[in-house]
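The values are calculated or read from the model by the stated rules, or taken from the named source; none is laboratory data. Source: prediction; values computed, not measured. Neighbour counts run over all protein chains shown; Cβ positions are idealised from the backbone, glycine included. Calculation scope for accessible area: heavy atoms of the full protein, side chains included, ligands and nucleic acids excluded. Shrake-Rupley method; radii C 1.70, N 1.55, O 1.52, S 1.80 Å.
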Amino acid sequence: MAVPIAENVYWVGAVDWEVRHFHGYSYHTHRGTSYNAYLVVDERVALIDTVMRGFEDEMLRRIAEVVDPARIDYVVANHGELDHAGAIPAVMARAPHAILVHSKRAADSLGKYLPDGWKRQVVGTGDTLPLGRKTLTFLEAPMLHWPDSMFTYIPEDKLLLPNDAFGQHLASSERFADQVDPAVLWDEARKYFANILTPFSKLILRKVEEVQQMGLEIATIAPSHGVVWRENPMQIVEQYVRWARGEAGAKALVVYETMWGSTAEMAHAVAEGIASAGVKVRVFPVPQTDHTTVVGELLEAKGIVVGSPTHNRRMLLNVAALMEDLIGLRPVNKIGAAFGSHGWSGGAVPLIEQRLKEAGIEVVQEGLALTWWPTPEERAQAVAWGRAFGERILESLSRRAE
Ligand code: FEO
């Protein structure tokens, strides 16, 4: 069913209950997702974003509950990625006089992805499109989530349609944030920010500042994934600012892969030591824990210690894949350290340290490399090493608070 989100503005998107992987296999969508399209009905009719290819019939059915799709005058593509732009051809086929509206940079993405031959209008920050009583106003938002991204704003409804920003990968029958379990909502919002938007943290801070300077009044934020923020919508903006600044608590992750169990034994001892310093700790074996979960948990943690045995003088593959993910994401204001067990020759620990540094994570103590199976003395050494890391977390948090 089409769902009103403001006067004569309707959610007409699609819910994908089944999807479990996004961006290839890099994002585990544990709770599915939604592709949100919004229909603005005025003297002229505008559709803001579409849905993933394969969901076009669901969206067109919802549009038809409100208006004949042939009446659509404008199809606004806030972003060229195919989870939002994939159904543009289906809409344009049903709305023969519609104009496709997009940013200058979207000429590249949409131009390569979609067939051409439609009427187009390129817009930039400050451009407006009057629909009658309502006006669409555009604000370019490069890298949130692609260079082509932009926000659409309807001042008459104080309604911000920011596409990927402020979203969550969450399939639900409810359409509003205040209708879903807050624990689930924030878990998905956090994972979404951590896994998608972390590399753009500085740009997020600048964009929030720009929106504040423009004095946009915001009563509702309707992203293109997940639920709509209508009660206290600025809560998600304020949370984005905290995440983008790298604000974190006294919490550490111990992430490890093991071959014969000795690195796992070290991981547990290290975790015990971290906890003894008064720091909350979470232990994640990989690949039993997917990267999306680890990266999501890291967002509000100050530190991460990563462990791997040495195999062929390298770290094990699932730890290597996680490190590759972190290098791309570049988490903000984190500290880290490496540990691991080896047999005949080592090598994994310095390699992990190198990768942590490449990810922008400050390596704050020498790695802990043990051989074969930890003796009771070595286990105690691992506990002490973990405690020292916990203390480094507390120190860096207190320095930041000063
Ligand atoms: Fe939801 Fe960047 O696409």
Around Met214, under 14 Å between beta carbons, what's the net of Lys plus Arg minus Asp minus Glu among the other residues?
-2
Want the number for Glu402 to Arg330: 0.36 nm per residue separation, take away the alpha-carbon distance, what's left?
23.5 nm
Magnitude of the charge dipole, the range 249-401, Cβ model with Lys/Arg +1 and Asp/Glu -1, debye to 20
320 debye
Placing unit charges on C-beta atoms (Lys and Arg positive, Asp and Glu negative, everything else neutral), compute the dipole magnitude of the range 1-117 about its Cα centre in debye, rounded to 20.
260 debye
With +1 on each Lys and Arg Cβ and -1 on each Asp and Glu Cβ, and nothing else charged, work out how big the dipole of the chain is about its Cα centre, in Debye to the nearest 20.
620 debye
Any GluC sites (Glu not before Pro) in the range 348-395 that lie in a DSSP loop and have at most 16 other Cβ atoms within 10 Å would be Glu366
Pairwise centroid distance, computed over Cα atoms, of the range 249-274 with the range 86-117, Å:
50 Å
Residue (of Val383, Pro331, His342) at the positive-pole extreme of the chain, dipole from beta-carbon charges
His342
Ala93 to Ser276: extension gain in nm, 0.36 nm per residue of separation minus the Cα-Cα distance?
59.5 nm
Among 43-52, 140-149, the order from most to least packed when residues are scored by Cβ within 10 Å on average:
43-52, 140-149
Let me see the P(r) profile for the range 3-245: every Cα-Cα distance counted, bins of 10 Å, each bin given as a percent of all pairs.
8, 36, 40, 16, 1
Find which of Ala64, Phe166, Trp17 sits farthest along the positive direction of the dipole of the range 3-245, computed with +1 on the beta-carbon of Lys and Arg, -1 on that of Asp and Glu, about the Cα centre.
Phe166
Unsatisfied cross-links (Cα-Cα over 32 Å) in the set Lys158/Lys191; Lys112/Lys158; Lys112/Lys202; Lys104/Lys202; Lys104/Lys191:
Lys112/Lys158
To the nearest 10 degrees, how steeply does helix 182-192 sit against the main Cα axis of the chain, on a 0 to 90 scale?
80 degrees
Rounding to the nearest 10 and keeping the result within 0 to 90°, find how far the Cα-based axis of helix 376-401 lies from the longest principal axis of the chain.
40 degrees
Rounded to the nearest 10 Å², the 1.4 Å probe accessible area of Thr128 is 80 Å²
Less than 13 Å Cβ to Cβ from Phe22, Lys/Arg counted +1 and Asp/Glu -1: what total charge do the surrounding residues give?
-4
Cβ-defined net charge surrounding Gly347, 14 Å radius [Lys, Arg +1; Asp, Glu -1]:
+2
Note down the nm distance, to one decimal, between modelled labels 7 Å out along Cα→Cβ at Gln121 and at Arg133.
2.0 nm
Per residue, what volume in Å³ does the Cα convex hull of the range 66-113 take up?
75 Å³
On Cα atoms only, tilt of 317-329 relative to the major axis of the chain in degrees:
50 degrees
Kindly state, to the nearest 0.05, the FRET efficiency for Trp260 paired with Arg61, given R0 = 51 Å and r defined as their beta-carbon distance.
0.35
Listed residue (Thr263, Val295, Met1) projecting farthest to the positive dipole end of the chain, Cβ model
Thr263
Test of understanding: given the chain, find the longest segment containing no chymotrypsin sites (Phe, Trp or Tyr not before Pro) that are in a DSSP loop and have at most 12 other Cβ atoms within 10 Å.
26-259
Could you work out the helix-only [θ] at 222 nm for the chain, with each DSSP H run of four or more residues adding -39,500 (n - 2.57) and the total divided by the number of residues, to the nearest 500 deg cm²/dmol?
-10500 deg cm²/dmol
